[in-house]
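K.L.:
The structure follows.
The values are calculated or read from the model by the stated rules, or taken from the named source; none is laboratory data. From a predicted model like this one, the values you see are computed outputs, not experimental measurements. Every residue, glycine among them, receives a Cβ derived from its backbone with ideal geometry; neighbour counts consider all protein chains shown. Quick note on the areas: whole protein, heavy atoms, side chains included, nothing else; ligands and nucleic acids left out. Shrake-Rupley method; radii C 1.70, N 1.55, O 1.52, S 1.80 Å.
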2 protein chains.
Amino acid sequence: MSNIRDVAKEAGVSVATVSRALSDPEKVSQASLNKVHAAIERVGYRPNMLARSFRSAKSYAVVVLVPDITNPFFSQVIRSIEDRAQQKGYAVLLGDTRGLPEREKEYIRRVETRMADGVIQLRPDQPGNPTVMPSDVKCVNVCGCESTTGPRVRIDNRGAARSVVEYLISLGHKRIGVISGLKDNPHTIDRLAGYSEALEAAGLEFDPALIAEGDYTTWSGLNSAKQFCHMDNRPSAVMCMNDEMAIGAIQTFKTHGLKVPENISVTGFDDISYARYCDPNLTTVAQPAEEMGKLAMDMLLRLIEGQELAQQENVLPAEFVIRKSTTVPGNK
Amino acid sequence: MSNIRDVAKEAGVSVATVSRALSDPEKVSQASLNKVHAAIERVGYRPNMLARSFRSAKSYAVVVLVPDITNPFFSQVIRSIEDRAQQKGYAVLLGDTRGLPEREKEYIRRVETRMADGVIQLRPDQPGNPTVMPSDVKCVNVCGCESTTGPRVRIDNRGAARSVVEYLISLGHKRIGVISGLKDNPHTIDRLAGYSEALEAAGLEFDPALIAEGDYTTWSGLNSAKQFCHMDNRPSAVMCMNDEMAIGAIQTFKTHGLKVPENISVTGFDDISYARYCDPNLTTVAQPAEEMGKLAMDMLLRLIEGQELAQQENVLPAEFVIRKSTTVPGNK
DNA sequence: TTGTAAGCGTTATCAC
DNA sequence: GTGATAACGCTTACAA
């Protein structure tokens, strides 16, 4: 493999000139520039980025920490991060942690060992399982919650959940069930707060029996929904805290002979791509995944370049999308 | 930041010993080992991987090229690749090409410029849009086809499609439609070949009117299915070349008042997670995504380490999963 | 505008 | 087993 010295020799200039021609062409005469480029072509030179990164102590890579890349919402955000990173000349190191703190640590270590310049984390901080982020590691959180600290971009989960419930109430629903994530998950906490607020504003009572706990998987939605089917005083609508659980819940309701939405309305959260193709098409909250990923990457870049952040927190608007899985309360 | 010299000084040994203690502990006495580790602890040393990679001319990273990370099948394969890479001490650089040759090139360039040691490519080679892979770039293809060259792991697409059609024929179906991918896509070619083979073996005639072209998106499945709804002699079953198109097709059939599977059977391909939750649960071909990713990574590792491959091609078994979207032909 | 040369932090090659 | 030291390919003062 040819190196910068070979190019210099071939072009009849010094290595410094070649280096400058590549990274700071302004500082080089047109004549030298031409010679250098011709020489690069002739010897088939490819700059060694490892050497460049090493020398300049910047890896031009960022780690994306995600609990599960197969989650369709996460993968949308990641695609957007990757797109922005590519535009800016950065590489994305994929860090699928599977929710394991030790794997998270291994990836954070990659920035401590200079393989990456920073971290974008795609999850809310769990109380029992907090991320240990060394203070010198640049990090921005995306998809977090009200309790998330540090630079972050998120939506107003509480407000979005409140909108959902307000809409259901406006349709005439009085008993509104919830399929939540795990109780101590910050998303669950924020969205449940929004649910309670809407209820209270409408003068409706909060009934703990109406809260079924899931864990954001389709399977858990499918299971949790069962407890509503056999209830004496069944809710006429169920707000699910993500689309996967909503899809599972709908399946359960159907197998129990309940029609969605005629017998029971169902809403989701996230607006994953299947939301518009499932039966019935899902009423849900669309998170601006594209925008969130892009903004998070831009924030991290600013951090890496040592600039100040205009604001630590960016709360982006979520859109409530009404489709076919909700209607006025009907026959039980 | 402390470096290897600081550790050496602190431990009272040479830098060479520190280096050896870290990368080849066998060659160092227990006494030195202890001194070194204690010193590392005291000075808070983190080895500079950029320097290590630079010096040893190995980046310990691989690029994963994928047309679209949000495709649930691809993301499953990638998760498995990442898992294996992590186990082996390699990082995964995400290369979402969005099907753009120029982005593909940029990522391949990363291995030419030493930022990565090799490439795993997740797509079949397109005739009009072939990947230009320099001969010195180690690469293994996963999810390819019969026409794919170079080291590769794939399933027998033709055989799998034949199994699907044979099953439909065994149920009594005589007119079997297809929603295919783009005509020149190698997956389409292989799967269509399997379809034809099964028809021929059963003495059924191939009718071009029964082939609707899509492009592997849900939306295209939704659209292509329409042409079957209005047909005089409607097929009693439709084989879709992936799950997304099957889901789209089912939606179209339903809105046209056709019951699936009572009026029309539908099959998919891939077994994405949603296949078991859509209505009706989808009969489909399960690709061993996990195994494919792992094997591809292992092959690439062997290539990077300069070892011979036991075989250039690994064809893994696919499993035909019968669910609720297929039944015997019924009323039109 | 250009060239010379000193590193960057590590590993590898020698001696000892 | 260990230590001195020369690379690795590049960037960047500093000098010309």
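K.L.:
Pick out which of B:GLU291, B:GLU166, B:GLU308 has the largest mean-square fluctuation in a Gaussian network model of chain B, springs linking Cα atoms closer than 10 Å.
P.N.:
Most flexible of the set in this elastic network: B:GLU308.
K.L.:
So what's the gap between the Cα centers of the stretch A:58-122 and the stretch B:1-35, to the nearest angstrom?
P.N.:
31 Å
K.L.:
For the pair B and A, how large is the buried accessible area, both sides, in square angstrom to the nearest 100, if the probe is 1.4 Å?
P.N.:
5200 Å²
K.L.:
Can you give me the angle between helix A:157-171 and the longest principal axis of chain A, using Cα atoms only, in degrees from 0 to 90, rounded to the nearest 10?
P.N.:
30 degrees
K.L.:
If you don't mind, there's one more thing I want to ask. Got a number for carbon plus sulfur as a percent of the protein assembly as shown's accessible area, 1.4 Å probe?
P.N.:
49 percent
K.L.:
In whole Å, what three semi-axes, largest first, describe the equivalent ellipsoid of the stretch A:4-47 built from its Cα gyration tensor (square root of 5 times each eigenvalue)?
P.N.:
14, 10, 9
K.L.:
Also: Going 7 Å from the Cα of B:LEU182 in the Cα-to-Cβ direction, what parts of the stretch B:118-142 have a backbone nitrogen less than 17 Å from that spot?
P.N.:
The answer is B:122-132, whose backbone nitrogens lie closer than 17 Å to the label point.
K.L.:
Same structure again: Identify all lysines with a Cα-Cα distance to B:LYS254 below 20 Å; exclude those on the same chain that are fewer than 8 residues away in sequence.
P.N.:
A:LYS254, A:LYS259, A:LYS324, B:LYS226, B:LYS324, B:LYS332
K.L.:
Binning every alpha carbon pair distance of the stretch B:16-117 at 5 Å from zero, what are the percents per bin?
P.N.:
Spelled out per bin, shortest first, that is 2, 11, 15, 15, 16, 12, 9, 7, 7, 4, 1, 0.
K.L.:
HN-Hα J couplings of the stretch B:227-239 from phi, Karplus 6.51/-1.76/1.60, θ = phi - 60°, integer Hz, Gly and Pro as x?
P.N.:
For the stretch B:227-239, the Karplus curve yields 5, 7, 4, 9, 6, 4, 10, 4, x, 8, 8, 9, 8 Hz.
K.L.:
Let me check against my output: what whole-number percent is the relative contact order of chain B, with C-alpha pairs under 8 Å and at least 6 apart?
P.N.:
Across chain B, relative contact order equals 16 percent.
K.L.:
Moving to a separate point now. Pop out the ³J(HN,Hα) list for the stretch B:186-201 in order, Karplus 6.51 cos²θ - 1.76 cosθ + 1.60 with θ = phi - 60°, rounded to Hz; leave Gly and Pro as x.
P.N.:
Values per residue, Gly and Pro as x: x, 4, 4, 4, 4, 6, 5, 4, x, 4, 4, 4, 5, 4, 4, 4 Hz.
K.L.:
Using a 7 Å offset from the Cα along the Cα-to-Cβ direction at both B:ASN129 and A:ASN3, what is the distance between the two label points in nm, to one decimal?
P.N.:
Result for the modelled spin labels: 4.0 nm.
K.L.:
While we're looking at this one, here's another question. Taking amide hydrogens as modeled 1.01 Å from N in the peptide plane, which residues meet the under 5 Å criterion relative to B:ASN314, leaving out close sequence neighbours?
P.N.:
Amide H neighbours of B:ASN314: B:ARG152, B:VAL153, B:ARG154.
K.L.:
Next question, about the same structure. Out of A:SER265, A:SER135, A:SER220, any idea which swings most in a Gaussian network model of chain A, alpha carbons joined below 10 Å?
P.N.:
Between A:SER265, A:SER135, A:SER220, it is A:SER135 that shows the largest mean-square fluctuation.
K.L.:
Here's another thing I want to ask about it. A:ALA31 to A:GLU291: FRET efficiency via 1/(1 + (r/R0)^6), r the Cβ-Cβ distance, R0 51 Å, to the nearest 0.05?
P.N.:
0.65
K.L.:
Give the Cα extents of the stretch A:157-287 along the principal axes, in whole Å, largest first.
P.N.:
The Cα atoms of the stretch A:157-287 stretch 33, 33, 26 Å along their principal axes.
K.L.:
Here is a further query. Once the label point is set 7 Å along the Cα-to-beta-carbon vector, what list of distances in nm do you get between A:GLU308 and its counterparts in the other copies?
P.N.:
Its label point is 6.5 nm from the equivalent points in the other copies.
K.L.:
With the label 7 angstrom out along Cα to Cβ, how close does A:LEU204 come to the same site in each of the other copies, in nm, nearest first?
P.N.:
From this label point to the equivalent ones elsewhere in the assembly: 5.0 nm.
K.L.:
Another question, then. Tell me the Kirkwood radius of the protein assembly as shown: reciprocal of the mean inverse pair distance over distinct alpha-carbon atoms, in Å.
P.N.:
Computed over the protein assembly as shown, the radius equals 27.5 Å.
K.L.:
Based on DSSP H runs of at least 4 residues, each adding -39500 (n - 2.57), what is the mean residue ellipticity at 222 nm of chain B after dividing by all its residues, to the nearest 500 deg cm²/dmol?
P.N.:
-12500 deg cm²/dmol
K.L.:
So, one more: Of the options A:ASN242, A:SER29, B:VAL153, report the single residue whose Cα projects farthest towards the positive end of the charge dipole of the protein assembly as shown (beta-carbon charges: Lys, Arg +1; Asp, Glu -1).
P.N.:
Projecting each Cα onto the dipole axis, the largest value belongs to A:SER29.
K.L.:
Let me ask something else. Under 5 Å between amide hydrogens, which residues at least 5 positions from B:PHE320 or on another chain qualify, with H placed 1.01 Å from N in the peptide plane?
P.N.:
Under 5 Å from the amide H of B:PHE320: B:ALA286.
K.L.:
Let me ask something additional. Report the label-to-label distance for B:LYS105 and B:ILE322 in nanometres (one decimal), using points 7 Å from each Cα along the Cα→Cβ vector.
P.N.:
With each label placed 7 Å out from Cα toward Cβ, I get 5.1 nm.
K.L.:
Can I get the semi-axes of chain B's equivalent ellipsoid? Compute them from the C-alpha gyration tensor as square roots of 5 times the eigenvalues, in angstrom, largest first.
P.N.:
Values for chain B, descending: 52, 19, 16 Å.
K.L.:
Return the lysines within reach of A:LYS105: Cα separation strictly under 29 angstrom, same-chain partners fewer than 8 residues apart disregarded; answer none if there are no such residues.
P.N.:
Filter leaves A:LYS58, A:LYS88, A:LYS138, A:LYS183, A:LYS294, B:LYS9, B:LYS27, B:LYS35, B:LYS58, B:LYS88, B:LYS294.
K.L.:
Tell me, what is the per residue accessible area of the stretch A:4-47 in Å², probe radius 1.4 Å?
P.N.:
Per residue, the stretch A:4-47 has an accessible area of 60 Å².
K.L.:
When the dipole is taken about the Cα centre of the protein assembly as shown, and only Lys, Arg (+1) and Asp, Glu (-1) are charged at their Cβ, what size is it in debye, to the nearest 20?
P.N.:
In debye, rounded to 20, the protein assembly as shown gives about 1280.
K.L.:
Also, quick follow-up: If you take each beta carbon of peptide A:241-248 and count the beta carbons of other chains within 10 angstrom, what is the mean?
P.N.:
The mean count of partner-chain Cβ atoms within 10 Å per residue comes to 1.
K.L.:
Report the dimensions of the stretch A:46-96 along its three principal axes from the alpha-carbon atoms, largest first, rounded to Å.
P.N.:
Between the extreme Cα coordinates on each principal axis of the stretch A:46-96 lie 38, 19, 16 Å.
K.L.:
Here's another thing I want to ask about it. Placing a label point 7 Å from Cα toward Cβ, how far apart in nm is A:GLY150 from its equivalents in the other copies, listed shortest first to one decimal?
P.N.:
3.7
K.L.:
What list of ³J(HN,Hα) values in whole Hz, one per residue of the stretch A:82-98 in order, does the Karplus curve 6.51 cos²θ - 1.76 cosθ + 1.60 (θ = phi - 60°) give from phi, with Gly and Pro shown as x?
P.N.:
Once rounded to whole Hz, the list reads 4, 4, 5, 4, 4, 4, 8, x, 9, 9, 10, 8, 7, x, 7, 8, 6.
K.L.:
Using the basic label-point model (7 angstrom from Cα toward the beta carbon), what is the A:GLN227 to A:THR255 distance in nanometres?
P.N.:
With each label placed 7 Å out from Cα toward Cβ, I get 1.8 nm.
K.L.:
Please list, ordered by chain and number, the residues whose modelled amide H lies under 5 Å from the amide H of B:TYR277; skip anything fewer than 5 residues away on the same chain.
P.N.:
B:LEU282
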